[in-house]
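K.L.:
One structure, as structure tokens, below. Some questions next.
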Amino acid sequence: MPPDQALAQPIRVVMFGSGPELNRDAKQFLCKLEEHPEIELLGAFCQSQAPSAGAVFVDLWKRRGLLSVPLFAAGVFNKVIPFVLDPQEDFMFKFKLKSIENRIHFIPNIHAPQVLEHVKSLAPDLGLIYGSPILKPELFEIPKLGTLGIHHGKVPEYRGNKTTFWMMYNGEQFAGVTIQKVNQGLDTGTIVKTGEVEAYRRAYRTVFHELEALGVELYIQAILEVKHGVAEFKPQTGTRGKLYRNPKLGDFIRFWGRQLKRQLRIGG
């Protein structure tokens with residue numbers, strides 16, 4: 001296909017995710033992919049044993065222990081609140097999801113031979129990671145142009161899990177988000193796009209949602225830059241930080257204590 005004709009065609013993408021069900025932000029990302037005229041969403045593959053409320057709780061319990069109770073309650077709240085705030089918008093969101101649900105596949109093992117063959121048969125140009133398990137090269141190298149991933153953290157300083165929390169826990173002035181090209185390392189790929197939001201002395205929920213929105217915007221920009229052949233892949237620079245883990249109950253208690261002290265310093 002001539003270059004001009006190829007540019008005129010939408011870039012064909014597949015998304016990789018995980019968990020018993022896709023989070024709302026991942027679903028919103030899928031909807032944005034579906035709506036964009038320069039992007040063709042071929043499918044989404046989510047590693048999950050069973051997409052149900054019970055499976056969500058079991059998964060949380062395995063990973064977070066007693067914290068699973070408030071986290072599960074928060075998840076239920078986050079599902080209900082969009083309808084309460086704007087029923088019409090929430091209905092339209094669910095209607096859009098319904099139109100692509102036949103392309104969203106929940107599978108127990110994202111690296112199973114039949115999954116690899118399915119992805120190959122779609123002949124994607126680009127792979128996209130949004131909350132997936134660690135992918136192996138046999139999967140993320142299938143797309144012709146490789147695979148991009150979103151990481152809600154500044155790299156290489158903040159790698160691993162829940163880095164928005166840890167950036168705020170450490171009192172960083174800004175919380176960052178990174179779009180990177182996936183390699184065999186953990187959050188060590190070349191950087192395509194970066195962004196940041198003010199974090200110091202701000203509410204965690206506010207920072208989290210602002211960073212999610214900015215991340216999706218940068219992700220779409222990165223996809224289009226790859227499509228048009230203008231994406232710049234920059235190596236990571238700076239000192240590599242430790243690999244962060246999921247916070248425990250004690251970490252949350254210390255975090256809220258630190259936040260309170262920071263707020264008191266403002267008042268003083």
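K.L.:
Can you name the condition, by its number, that Val155 falls short on among (1) of a type in the set (A, V, I, L, M); (2) crowded, with 21+ Cβ neighbours inside 10 Å; (3) modelled with pLDDT of 95 or more; (4) closer than 21 Å to Leu218 by Cα?
P.N.:
(3)
K.L.:
Continuing with this model, one more query. Look through Thr178, Thr188 and report the one residue that is touching a strand residue (DSSP E or B) at 6+ places or on another chain (Cβ under 8 Å), crowded, with 19+ Cβ neighbours inside 10 Å and touching a residue at least 12 places away in the same chain (Cβ under 8 Å).
P.N.:
Thr178
K.L.:
Would region 92-109 turn up any residue that is more than 27 Å from Glu35 (Cβ to Cβ), of a type in the set (D, E, K, R) and in contact with a helix residue (DSSP H, G or I) (Cβ under 7 Å, 6 or more places away or on another chain)?
P.N.:
No, every residue in region 92-109 fails to be more than 27 Å from Glu35 (Cβ to Cβ), of a type in the set (D, E, K, R) and in contact with a helix residue (DSSP H, G or I) (Cβ under 7 Å, 6 or more places away or on another chain).
K.L.:
Additional query: Which one of the conditions (1) modelled with pLDDT of 95 or more; (2) in contact with a Leu (Cβ under 9 Å, 6 or more places away or on another chain); (3) surrounded by fewer than 18 Cβ atoms within 10 Å (Cβ to Cβ) does Glu198 fail to meet, given that it meets all the rest?
P.N.:
Unmet condition: (2).
K.L.:
Now for a separate question. Among the residues of region 243-268, how many are assigned to a loop (DSSP other than H, G, I, E, B) and in contact (Cβ under 8 Å) with a residue 12 or more places away in the chain?
P.N.:
Total satisfying the criteria: 4.
K.L.:
Then there's this: State yes or no: is Leu218 under 18 Å from Gly127 (Cβ atoms), touching a residue at least 12 places away in the same chain (Cβ under 8 Å), in contact with a Lys or Arg (Cβ under 6 Å, 6 or more places away or on another chain) and not β-branched (Val, Ile, Thr)?
P.N.:
Criteria met by Leu218.
K.L.:
Here is a follow-up. Return yes when Leu71 is at pLDDT below 95, within 28 Å of Leu243 (Cα to Cα) and in contact with a Leu (Cβ under 7 Å, 6 or more places away or on another chain) and no when it is not.
P.N.:
yes
Let's see how each residue does on (1) exposed (fewer than 14 other Cβ atoms within 10 Å of the Cβ); (2) aliphatic (A, V, I, L, M):
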position: Ile223; (1), (2): no, yes
position: Lys227; (1), (2): no, no
position: Ala231; (1), (2): no, yes
position: Pro235; (1), (2): yes, no
position: Thr239; (1), (2): yes, no
position: Lys242; (1), (2): yes, no
position: Leu249; (1), (2): yes, yes
position: Phe252; (1), (2): no, no
position: Phe255; (1), (2): no, no
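K.L.:
When you scan region 118-152, how many residues do you find that are in contact with an Asp or Glu (Cβ under 7 Å, 6 or more places away or on another chain) and buried (at least 21 other Cβ atoms within 10 Å of the Cβ)?
P.N.:
Matching residues across region 118-152 total 2.
The values are calculated or read from the model by the stated rules, or taken from the named source; none is laboratory data. Computed from a predicted model, the values in this text were never measured in an experiment. Positions of Cβ are generated from backbone atoms using ideal geometry, with glycine treated the same way; all protein chains shown enter the neighbour counts.
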